[in-house]
1. Kindly indicate whether any position in segment A:182-198 is more than 16 Å from ligand 2 (Cβ to nearest atom), closer than 20 Å to residue A:105 by Cβ and in contact with a strand residue (DSSP E or B) (Cβ under 7 Å, 6 or more places away or on another chain).
2. At least 3 residues that are away from chain B (no Cβ under 14 Å) in each: list the strands (runs of 3 or more DSSP E) lying fully within segment A:151-224 that qualify.
3. Take the residues in segment B:193-245 that are more than 9 Å from chain A (Cβ to nearest Cβ), touching a strand residue (DSSP E or B) at 6+ places or on another chain (Cβ under 7 Å) and crowded, with 24+ Cβ neighbours inside 10 Å, then tell me which one is farthest from residue A:115 (Cα to Cα).
4. Among the candidates A:93, A:136, single out the residue that is in contact (Cβ under 8 Å) with a residue 24 or more places away in the chain, away from ligand 2 (no atom under 16 Å from the Cβ), closer than 20 Å to residue B:191 by Cβ and surrounded by 15 or more Cβ atoms within 10 Å (Cβ to Cβ).
5. Report the residue count in segment B:151-189 for those that are over 15 Å from the mean Cα position of the chain (by Cα) and within 14 Å of chain A (Cβ to nearest Cβ).
6. Within segment A:26-55, how many residues are in a loop (DSSP other than H, G, I, E, B), within 14 Å of chain B (Cβ to nearest Cβ) and either within 9 Å of ligand 1 (Cβ to nearest atom) or without any contact (Cβ under 8 Å) to a residue 12 or more places away in the chain (or both)?
7. Test of understanding: among A:114, A:108, A:128, which residue is within 14 Å of chain B (Cβ to nearest Cβ), assigned to a loop (DSSP other than H, G, I, E, B) and under 22 Å from the mean Cα position of the chain (by Cα)?
8. Give A:104, A:119, A:131 a once-over and let me know the one that is crowded, with 24+ Cβ neighbours inside 10 Å and in the same structural domain as residue A:147 (by TED's automatic domain parsing).
Ligand SMILES: Nc1ncnc2c1ncn2[C@@H]1O[C@H](COP(=O)(O)OP(=O)(O)OP(=O)(O)O)[C@@H](O)[C@H]1O
Ligand SMILES: [Mg+2]
């Protein structure tokens, strides 16, 4: 097996008396899409928040290509190559879709000293932003104010922004939530393409989508990893069936 | 409003300002010079409040500090200082103070940021108010205006009201152009991104603290330019220059003009001083009237003066279509 790009060991986060994550072990490799499943409140977003640097872990270690990055802040981790999307859409609502992505792309080459040059003159940044929009299926919408995009399109923009940062590790928190079926199918195709050159952690409630793209699945319940392995193993697991898949299997299709 | 119309309007305003000293009396020329200086001050604050989303309630500290520097760094024996060293030094002092204070205050957010910027400004106020450093509560005189001489050549004379007026006007235009440029650069785009959603900027890989510190330092330096010019214009400096009244007034200019619009900040300075002059003539309770105007603007003119031309134009267009 390839060397992990991102590896978390013993990752733990307490909120008061609640252990939102307890001794979670997770590893991501390039070319592998790793899905993180679990019922509402299982601790999936908490886990992503710790990996992205938005939330400091109570305990545990996070390594990026062997380097300990547990203490790095969110912006430092982004610079290292870890990009994330948010479960609750988190964009620049007043800016155009293009400016959202342009800012994302500009973060790779910030040029803060070029204070007399119009930002739009840096074509490398602009091209990267446009390419990300096209890739996420928003090519025709670049001049629309992000806040006025449809909900599904805002979800696509959320992904486009991560792509514009050229992140090598993608942490995607329910990217399909609220997307129409066409957009969803398009996004699943995109995920398949993306995983070839990147390491992806996908949190998603849409089981069809998950089993269509995941190479590895970790199931989490009440902050603890219940089981982790290839999709067939998860599908066959009695424990997972009982704790999660079984009871929800019928409803999941309609889950928003 | 269309790009061209805006530009034509700004150009006309600039021409009017350039023509003004040839028609007005020296008294009014000085009043307008004062407004232009306050416009620099307001634009510097707008960089923080309107564009970066940092509501500083202590911006007068940098204005007042530079004003004191203009006096304290001038030779004590009635020989004029050189404008070309005194002005940069005063700005440098203000910028340095903003940098150091920024290191502390930018660790806070929202209401706490407002409070600590105010607290630091109050500390600066009491340093000048309660020590003999700058003449205490009475303030201190700038005995002679600095000279613009370079070598043997003197391009203009700050004792000439018209010269001083044009010096201030040119600087105000330069500050406007500088900030407009800055805001369109990658750096400026980051500041506006921070105002919109700082958390997202961080997760995109921006060390927002340093960007904010740079903005705070630039704003302090430009406020220092305004304070320096103010000291030169009036010839004396008092602790009131650093007071929270002054910080509040410049904040009101920015709000009147419409936050996040440089031309608006300039208009805000004009309207504020204009109203102040009118109201003080009417009654000694001018602050009451001023307060009323501010409330009305905030309630009924979101976007301030800057949004006004666009609204009028929209209204006209609508009526043209209907009627
Ligand atoms: N900032 C916080 N403060 C206190 N408790 C929190 C905080 N964030 C999350 N929690 C709690 O931690 C637990 C895990 O929450 P988390 O958001 O990680 O779940 P999730 O698996 O992402 O759920 P969902 O599928 O609903 O998004 C929940 O019980 C939640 O209430
Ligand atoms: Mg979640």
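1. Yes, segment A:182-198 contains at least one residue that is more than 16 Å from ligand 2 (Cβ to nearest atom), closer than 20 Å to residue A:105 by Cβ and in contact with a strand residue (DSSP E or B) (Cβ under 7 Å, 6 or more places away or on another chain).
2. Working: elements: A:169-173, A:199-203, A:216-221.
The qualifying strands (runs of 3 or more DSSP E) are A:199-203, A:216-221.
3. B:237
4. On the way: A:136 fails: closer than 20 Å to residue B:191 by Cβ.
Being in contact (Cβ under 8 Å) with a residue 24 or more places away in the chain, away from ligand 2 (no atom under 16 Å from the Cβ), closer than 20 Å to residue B:191 by Cβ and surrounded by 15 or more Cβ atoms within 10 Å (Cβ to Cβ) holds for just one of A:93, A:136, which is A:93.
5. Counting residues in segment B:151-189 that are over 15 Å from the mean Cα position of the chain (by Cα) and within 14 Å of chain A (Cβ to nearest Cβ) gives 9.
6. Here is the first cut: in segment A:26-55, the residues in a loop (DSSP other than H, G, I, E, B) are A:29-32, A:38-43, A:53-55.
Subset that is within 14 Å of chain B (Cβ to nearest Cβ): A:53-55.
Those left that are additionally either within 9 Å of ligand 1 (Cβ to nearest atom) or without any contact (Cβ under 8 Å) to a residue 12 or more places away in the chain (or both): A:55.
The number of residues fulfilling the criteria is 1.
7. Numbers: A:114 fails: under 22 Å from the mean Cα position of the chain (by Cα); A:128 fails: assigned to a loop (DSSP other than H, G, I, E, B).
None of the others qualify; the one that does is A:108.
8. Numbers: A:119 fails: crowded, with 24+ Cβ neighbours inside 10 Å; A:131 fails: crowded, with 24+ Cβ neighbours inside 10 Å.
Answer to the check: A:104.
The values are calculated or read from the model by the stated rules, or taken from the named source; none is laboratory data. Computed from a predicted structure; not experimentally measured. Backbone-built Cβ (ideal geometry, glycine too); neighbour counts: all protein chains shown.
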